[in-house]
Amino acid sequence: MNIILLGPPGAGKVTQAKILVDERGMIQLSTGDMLREAKTSGTEMGHRVAEVMNRGQLVTDEIVIGLIEEKMAGATGGGFIFDGFPRTLAQADALGAMLARHGEKLDAVIEMRVDDAALVARITGRFTCATCGAVYHDQTKPTAKAGVCDVCGGTHFLRRADDNADALKQRLMEYYKKTSPLIGYYYAKGSLEVVDGLADIGAVSAAVRKVLDKA
């Protein structure tokens, strides 16, 4: 089974992908991870990636498709989760053509739909314990005692530099400009399914599971 998880930054795609990897033995194909791995792999494709990245240029769609093909070749498991690719309509066409060449197809494209204002509130309120990594939220999951981690008792907390309203709104704008057209693309193909990305993790996971069980 091959699927795409679509959704803006902070929608929970990485969390749901990890659950699918654990539950179904699927393989997560993260574009960023593949590029970093390829750059130091020493393979022919890796050399191409390194040359492009060392020049400060963007890696072409052709190279990314080649990396995906390498990962899929001979792999066993419950299928693939495409994470961070495709991002554009041209990449969607290229991915579909590559899968067809190998007798594969996309079984589902799952849009993790969110309300932007609620998403901004969810992300900008996040903070983590610097000692143990426990995650909290200003409104929905504050520490029981102000300034003290519930898990380890630490008193030093961190917030991601880009977890602020202005930065997040910019990331959302980039998503809607470049990636959201894929929603209409896959809807027209009859592949698109929608789940509530702002539900709790268990509810989202159950909704994703339901989509895959009927695919």
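Based on what the data block shows, is Glu193 closer than 30 Å to Ala94 by Cα and in contact with a helix residue (DSSP H, G or I) (Cβ under 7 Å, 6 or more places away or on another chain)? When the stated conditions are applied, Glu193 passes them.
State the number of residues belonging to segment 1-19 that are in contact with a Gly (Cβ under 8 Å, 6 or more places away or on another chain) and among the aliphatic types (A, V, I, L, M). Spell out how you get there, then give the answer.
Filtering segment 1-19 for residues in contact with a Gly (Cβ under 8 Å, 6 or more places away or on another chain) gives 1-3, 7, 11-13.
Subset that is among the aliphatic types (A, V, I, L, M): 1, 3, 11.
Residues that pass the stated criteria total 3.
Filter segment 164-209 down to residues that are over 14 Å from Met112 (Cβ atoms), surrounded by fewer than 17 Cβ atoms within 10 Å (Cβ to Cβ) and of a type outside the set (A, V, I, L, M), then give me how many there are.
So in segment 164-209, the residues over 14 Å from Met112 (Cβ atoms) come out as 164-171, 173-174, 176-178, 181, 184-185, 187-191, 202.
So of that shortlist, the ones also surrounded by fewer than 17 Cβ atoms within 10 Å (Cβ to Cβ) come out as 164-167, 169-171, 173-174, 176-178, 181, 184, 187-190, 202.
Now restrict to residues that are of a type outside the set (A, V, I, L, M): 164, 166, 169-171, 174, 176-178, 181, 184, 187, 189-190, 202.
Total satisfying the criteria: 15.
Residue-by-condition table, conditions (1) of a type in the set (S, T, N, Q); (2) at positive phi; (3) within 20 Å of the chain's Cα centre (by Cα); (4) surrounded by 18 or more Cβ atoms within 10 Å (Cβ to Cβ):
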position: Gln57; (1), (2), (3), (4): yes, no, no, no
position: Val64; (1), (2), (3), (4): no, no, yes, yes
position: Ile68; (1), (2), (3), (4): no, no, yes, yes
position: Met72; (1), (2), (3), (4): no, no, yes, no
position: Leu89; (1), (2), (3), (4): no, no, yes, no
position: Ile110; (1), (2), (3), (4): no, no, yes, yes
position: Lys145; (1), (2), (3), (4): no, no, no, no
position: His156; (1), (2), (3), (4): no, no, no, no
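FYI, it's all coordinate maths here, none of it is from the lab. Note that this is a predicted model, so its numbers are computed, not measured. So basically every Cβ, Gly included, is an ideal-geometry build from the backbone, and we count neighbours across all protein chains shown.
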